[in-house]
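Report on the following structure.
The values are calculated or read from the model by the stated rules, or taken from the named source; none is laboratory data. Small disclaimer: the values here were computed from a predicted structure and weren't measured. Here the Cβ is made from the backbone with ideal geometry for all residues, glycine too, and neighbour counts use every protein chain on show. The protein model used for the area step is the full one, side chains on, heavy atoms only, and it has no ligands, DNA or RNA in it. Shrake-Rupley method; radii C 1.70, N 1.55, O 1.52, S 1.80 Å.
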Amino acid sequence: MAPTAGTSLENMTVSVKARSLSETLPDLLVDASKLAQTVTAGWHGRKRSGPGETFWQFRPFHNGEPVKRIDWRRSARDSNLYVREREWEAAHTLWLWSDLSPSMQFRSKLSQTTKQDRALLLLLALANLLGDAGERVGVPDLVAPTASRRLSETIATALVHHDAPVAFPSAQHIRRFSDVILISDFLDTPEEISAWIGKVAASGAKGHLVHILDPIEETFPFNGRVEFEDPESGFKLLAGRAEEWKEKYRRLLAQHKDKIRTTARRAGWSYIEHHTDHSPSEPLLFLHARLGSDNRAFGGAL
């Protein structure tokens, strides 16, 4: 079946029904913590000297600086002049979102995980990394932006009580100087995707799209009589000779991905494809590089 707008491909002989979020999230939290530890060595926060309330460090006073910056109590300890520096705090928030629509529950025999579980793993690992780095992170309409080392647990709890089949988050609270990371299979229509990106981009926020694909959706290795089902609508289609659909399917999929990529590029957003049979560290390292290269994220300090 060709991937027409809003349609998800599913081979009924190899798919499995996803467990509920309440069942999968405890395991995903453990896996997310382990995943975060594998990439945390190169992941730094945005601490730097500047206006703020949190103490960062003492440093020697330099001639020409305003005398009022001297910390006299610290300076009196060893008869040298020191300045108390505070941590720079930008008015910046990172918003995380994982697509929870039914198509994300798909898993083929070519992968060990559903698209939904991989997306949630990435979201929780990001929460671990960003929380440890002192970033303000939130989930639209679920978790208010906060800087906490227990952020992943907070998000997991909120998701257990949410579990709604929503592809895109609300843009209501997304503002300028924010970064939005959306993890999805993007099986919505190009018009719906473009409209959401346009709404968020108009707020002044910057976005990063992680396109999740099961390997079978990319390769279409079907032959003979195969029944496909759209998990969004329940519509079924029987192919007598599925191999005859392969070239057209792959062409339409390439066109669909190109439209998403082009829309993201025009908005100044980043885009990456990720297949569920690949290492989840790949998109995390990509996002690390993209966030670090943006002067609004991490203060350009990465």
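Here are the numbers for this structure:
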item: Of all accessible heavy-atom area on the stretch 146-302, the percent that carbon and sulfur account for (1.4 Å); result: 49 percent
item: Cα-Cα P(r), the stretch 165-302, percent of pairs per 10 Å interval; result: 10, 34, 33, 16, 6, 1
item: Radius 12 Å from Cβ of P221, net charge of other residues (Lys, Arg +1; Asp, Glu -1); result: -1
item: Burial ranking of peptide ranges 101-111, 279-289, 256-266 (average Cβ count within 10 Å, highest at the top); result: 101-111, 279-289, 256-266
item: Anisotropy class of the stretch 142-213 from Cα gyration tensor, a/c 1.5 cut; result: oblate
item: Ratio Rg/Rh, restricted to the stretch 215-285 and using Cα atoms, in which Rh is the Kirkwood radius; result: 1.05
item: Share antiparallel - DSSP beta bridges, the stretch 177-302, percent rounded to 5; result: 25 percent
item: Binned Cα-Cα distance frequencies in the stretch 58-163 - 10 Å width, integer %; result: 13, 30, 18, 16, 12, 8, 3, 0
item: Kirkwood hydrodynamic radius over Cα pairs of the stretch 111-241, then Stokes diffusion coefficient at 4 °C and 1.567 mPa s, in µm²/s; result: 77 µm²/s
item: Which listed pairs, of K115/K206; K206/K236; K206/K257; K109/K246, have C-alpha distances above 27 Å, in listed order; result: K206/K236
